[in-house]
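Worksheet: the structure to be examined is printed underneath.
The values are calculated or read from the model by the stated rules, or taken from the named source; none is laboratory data. Please read these numbers as outputs of a predicted model, since none were measured by experiment. Here the Cβ is made from the backbone with ideal geometry for all residues, glycine too, and neighbour counts use every protein chain on show.
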Amino acid sequence: MTGSRILTSLVLLAALGAVSACGRKAPLDTPYQAAIDARKEAEKAKQPLPPKPAKPVEDRPFILDKLL
């Protein structure tokens, strides 16, 4: 009985470790920065340019931001 519990715990820990390793290590791109990068890549590849991105709006605090 204890052997199966230890085995189950090890499997769950391994699964948790594998799932937690997913994702990007770098900070996320803003939509504005992603649009600029897309335009630069299109220019390099000599493809039609996507529309020019609008200027980013000022980040306004939200009431629930303090909880994060």
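Annotations for the structure displayed:
- Condition met for A14 (part of a helix (DSSP H, G or I), of a type in the set (A, V, I, L, M), modelled with pLDDT of 90 or more and more than 21 Å from the chain's Cα centre (by Cα)): no
- Any hit, region 55-66, residues being within 17 Å of the chain's Cα centre (by Cα), free of Cβ contacts under 8 Å to residues at least 40 places away in the same chain, surrounded by 10 or more Cβ atoms within 10 Å (Cβ to Cβ) and in a loop (DSSP other than H, G, I, E, B): no
Each row is one residue, and each column tells you yes or no for (1) surrounded by 10 or more Cβ atoms within 10 Å (Cβ to Cβ); (2) free of Cβ contacts under 8 Å to residues at least 12 places away in the same chain; (3) in contact with a Leu (Cβ under 9 Å, 6 or more places away or on another chain).
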site	(1), (2), (3)
S4	no, yes, no
T8	yes, yes, no
L13	yes, yes, no
P27	no, yes, no
Q33	yes, yes, no
A45	no, yes, no
P53	yes, no, no
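- Under the condition of being closer than 16 Å to V57 by Cβ, in a helix (DSSP H, G or I) and either at pLDDT 90 or above or not aliphatic (A, V, I, L, M) (or both), the residues counted in region 17-34 number 3.
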